[in-house]
Amino acid sequence: MIEEVCKNIYRIGVALPGNPLRELNSYFLRGDDRDLLIDTGFRRPVCREALQAGLDELCSDPARRDVLCTHLHSDHSGMADLFAGPGRRIYMGRTDLARISGLLPVEAWLKMYTRFPLEGFSEELLREVFASNPARTEAMPERDPRLTPLDDGDILSVGPYRLETLLVPGHTPGNCMFYLREQRIMFTGDHILFDITPNITSWPGVADSLGDYLASLRRVRDLPVDLALSGHRKTGDYGARIDQLLAHHERRLAEALSIIRSEPGLCAYEIAGRMKWKIRAADWDSFPVVQKWFATGECFSHLDYHLTQGTVLCVERDGLRRYYPAD
Ligand SMILES: [Zn+2]
């Protein structure tokens, strides 16, 4: 499905079957001497066919097509190399670009995610997650030589449009939004989504993803934006949505802290199991394993925030990290 959202800016809906996100919004900007495709979908035949059909309908010529990835997640970057023209560019925020590794075996992922078993999420469960996780299996297979890093403030020009790079770490460490200041349009990627809450997890080498995310929300809160073009599903009121997301995380932080206060000494896996999640499952034990992984990661980010603020302490005991109120 194609929709012209603004003159020479088109949204191509790329279905993500079986995924709670349902659909990726890919955007095509037609310029004078080059075109720009923003985000691509998982590296999966059904996504490839949908995106190709949309581009064919727009008579897009690959020879003049650059690709821009708002962040490294494979539902955004997974097909960037297939859709960027020969000798063209694949833009991505510098920090995320550095983390693009290509396809790695499960063992390599286990080495990157050693935190999970320490927090009560067993290695057995982790193996199950990585065996089928599209973050591993539907990504770009290798680092492409056309990858080009972007830094905060970098400008990409396409026809009359000037896309200003805004580095907004949190959802991923090098996540970016792209701002058309003159037209008051924001490509929000997954930093701001309107009918789902962006997932904030912990990342190796990042102390406090949620703290970064909240600071990134506040940084861009007051920019004039009339049209927010998000990475998934529908659009909405930009500023009001940021306020909702800030309030949402305040509530979640309070929830995590109250669980730790009422049962000191739980590990993150147990705290995640006591938090409330919008999912159709009878209880924590019957969560699908991938949803348990997302929930535990989300819980990590809230615990890390509390650790950074000094409201919570973490003590390692019997090979498990356990959390206690600091007061
Ligand atoms: Zn994402």
Review point. How long, wide and thick is region 1-45, going by the Cα atoms along their three principal axes, in whole angstroms, largest first?
Key: 37, 19, 13
Review point. What do you get for Rg/Rh of region 155-289 when both radii come from the Cα atoms and Rh is the Kirkwood radius?
Key: 1.04
Study note, to complete from the structure: Taking only protein heavy atoms and a 1.4 Å probe, the highest-to-lowest accessible-area order of Trp277, Trp293 is Trp277, Trp293
**Study point:** Rounded Å value of the spacing that divides the Cα centres of region 37-84 and region 266-327
**Key:** 35 Å
Point to revise | For peptides 302-312, 185-195, 96-106, sequence by mean Cβ density within 10 Å, most packed first | key: 185-195, 302-312, 96-106
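Go through region 148-213 and name the trypsin sites (Lys or Arg not before Pro) that are in a DSSP coil and have 16 or fewer other Cβ atoms within 10 Å of their Cβ.
Here the trypsin sites (Lys or Arg not before Pro) that fit, given the DSSP loop and packing criteria, are Arg181, Arg184.
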**Study point:** Compactness of region 1-92 - radius of gyration and Dmax, Cα, Å
**Key:** 12.0, 38
Exercise for review: In debye, nearest 20, what is the charge dipole magnitude of region 1-127 about its Cα centre with +1 on Lys and Arg Cβ and -1 on Asp and Glu Cβ, if you could check?
Suggested key: 280 debye
Check your understanding: Once the whole set of protein chains is in place, how much accessible area is left on Ile9, using a 1.4 Å probe, in Å² to the nearest 10?
Key -> 0 Å²
Check your understanding: Of Leu227, Ile259, Pro325, which is farthest on the positive side of the dipole of region 219-327, counting Cα position, with +1 on Lys and Arg Cβ, -1 on Asp and Glu Cβ, and the Cα centre as origin?
Key -> Leu227
**Study point:** Value at 222 nm in deg cm²/dmol, rounded to 500, when DSSP H runs of n ≥ 4 in the chain each add -39,500 (n - 2.57)
**Key:** -10500 deg cm²/dmol
Check your understanding: What residues have an amide H closer than 5 Å to that of Asp35, excluding those fewer than 5 places away on the same chain, when H is modeled at 1.01 Å from N in the peptide plane?
Key -> Arg65, Asp66
Review point. Ignoring ligands, DNA and RNA, what percent of the accessible area of the chain is carbon or sulfur (1.4 Å)?
Key: 51 percent
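Provide the gained length on full extension for the span Val315 to Arg143, in nm with one decimal, where the gain is 0.36 nm per separating residue minus the Cα-Cα distance.
Length gained between Val315 and Arg143: 58.1 nm.
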Review point. Mind checking the angle between helix 209-220 and the chain's longest principal axis? C-alpha axes, 0 to 90 degrees, to the nearest 10.
Key: 40 degrees
Review point. The chain: percent of C-alpha pairs farther apart than 27 Å?
Key: 44 percent
Study note, to complete from the structure: Gyration tensor on Cα atoms of region 236-325, a ≥ b ≥ c root eigenvalues, a/c under 1.5 rounded, else prolate if a/b beats b/c, else oblate, says oblate
Check your understanding: Once phi is turned into θ = phi - 60°, what whole-Hz ³J(HN,Hα) does the Karplus curve with 6.51, -1.76 and 1.60 give for every residue of region 165-177, x standing for Gly and Pro?
Key -> 6, 10, 6, 10, x, x, 4, 9, x, x, 4, 10, 10
Point to revise | Computed FRET value (nearest 0.05) for Leu103 with Arg261, which takes r as the C-beta separation and R₀ as 45 Å | key: 0.55
Exercise for review: Any chance you could run the full-extension gain for Asp151 through Lys234? It's 0.36 nm times the residue separation minus the Cα-Cα distance, nm to one decimal.
Suggested key: 27.1 nm
Exercise for review: Using the heavy atoms of the protein chains and a 1.4 angstrom probe, tell me the accessible area per residue for region 235-277 in square angstrom.
Suggested key: 45 Å²
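Which value, in debye to the nearest 20, gives the size of the charge dipole of region 1-50 about its Cα centre, when Lys and Arg are +1 and Asp and Glu are -1 at the Cβ?
That gives a dipole near 200 debye.
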Exercise for review: When a/c is below 1.5 the answer is rounded, else prolate if a/b is larger than b/c, else oblate, so apply that to region 275-327 with a ≥ b ≥ c taken from the square roots of the Cα gyration tensor eigenvalues.
Suggested key: prolate
**Study point:** Bridge type composition, the chain - antiparallel percent by DSSP, nearest 5
**Key:** 70 percent
**Study point:** region 48-161 - accessible surface per residue (Å², probe 1.4 Å)
**Key:** 44 Å²
**Study point:** Accessible-area order (highest first, 1.4 angstrom probe) of the listed residues Ser230, Ser157
**Key:** Ser157, Ser230
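The values are calculated or read from the model by the stated rules, or taken from the named source; none is laboratory data. Worth saying up front: this structure is predicted, and the values here are computed from it rather than measured. Counting neighbours? That spans all protein chains shown, and the Cβs are built from the backbone with ideal geometry, glycine included. All accessible areas refer to the heavy atoms of the entire protein, side chains included, with ligands and DNA or RNA removed. Shrake-Rupley method; radii C 1.70, N 1.55, O 1.52, S 1.80 Å.
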